[in-house]
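Beneath this line is the structure, given in structure tokens, with notes to follow.
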Amino acid sequence: MNIKELFKRNQFDKLKIPELQEEEFKLKSRINRLRKEIDKIEKEKKLKFSEGVGADLIKKKMIAQELKQLDMEAKLKVRNFMGMHKQYMFITNLIVIKKYQRELQKTQIWSKIQNISPEVFESSLIKVNLAGKGFDNVLDNLNQIFAMDIADSDSDLDDSEKEMFEIWNNVETGTLDLDEADHMFSIEKDIEKAMEESER
């Protein structure tokens, strides 16, 4: 039976740290691979974008289409990346809880862990980072999990052709630096924002 199944059946005691660590390692490798793929697409986007600076309208139209395609590909990979990152946070935090299991069993929090639905607990564990924290901090974080409102807002911004033309225009008139322009349509900021939120 896999980790998720054991967790969903509230069979926390059957979860073993070495198995959790193996899963954590696999996820980290897949996350790193995806990150490299996203970086590669971002470089392609930067090259394509710079081709459009000073180009005629038809060329810009063609490049805009290619940029939209690359952007869609990047967004799919980012969505995949974020999903894997959530799983990674969940597994990493589970390892910490397993390590402190004996101490936690002596506290009130343990009965809450046992009684909360696995789905709610999983979605809560994704939102904290227990890695490298001492027992008291882990306890504080777990207490916050049960106190906080579990509402996830997931918004995806869509880059339109109009935006790209506006950015090109700003670069051509000199009101915008090429590096700033690159950052404006970069998917990197979405990753950075999401990573910051998950590490709070």
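The values are calculated or read from the model by the stated rules, or taken from the named source; none is laboratory data. Keep in mind that what you see is a predicted model, and the values were worked out from it rather than measured. Here the Cβ positions follow ideal geometry from the backbone for every residue, glycine too, while neighbour counts run over all protein chains shown. These accessible areas exclude ligands, DNA and RNA; they are computed on the full protein's heavy atoms, side chains included. Shrake-Rupley method; radii C 1.70, N 1.55, O 1.52, S 1.80 Å.
Observations on the model:
- The range 20-39, subset among the aliphatic types (A, V, I, L, M) and farther than 16 Å from Leu76 by Cα, residue modelled with the lowest pLDDT: Leu20
- Reported count of residues in the range 132-173, each being part of a helix (DSSP H, G or I), in contact with a helix residue (DSSP H, G or I) (Cβ under 8 Å, 6 or more places away or on another chain) and either at pLDDT 75 or above or among the hydrophobic types (A, V, I, L, M, F, W, C) (or both), is 13.
- Residues in the range 115-131 that are in contact (Cβ under 8 Å) with a residue 12 or more places away in the chain and assigned to a loop (DSSP other than H, G, I, E, B): Ile116, Ile126, Lys127, Val128, Asn129, Leu130, Ala131.
- One residue stands out among those in the range 24-60 that are basic (Lys, Arg) and over 17 Å from Val171 (Cβ atoms): the one that is least open to solvent (accessible area, probe 1.4 Å), which is Arg35.
- Subset of the range 74-124 [of a type in the set (Asp, Glu) and under 24 Å from Phe135 (Cβ atoms)]: Glu103, Glu122
- Within the range 75-114, the set of residues being surrounded by 17 or more Cβ atoms within 10 Å (Cβ to Cβ) and outside any helix (DSSP H, G or I) comprises Tyr100 only.
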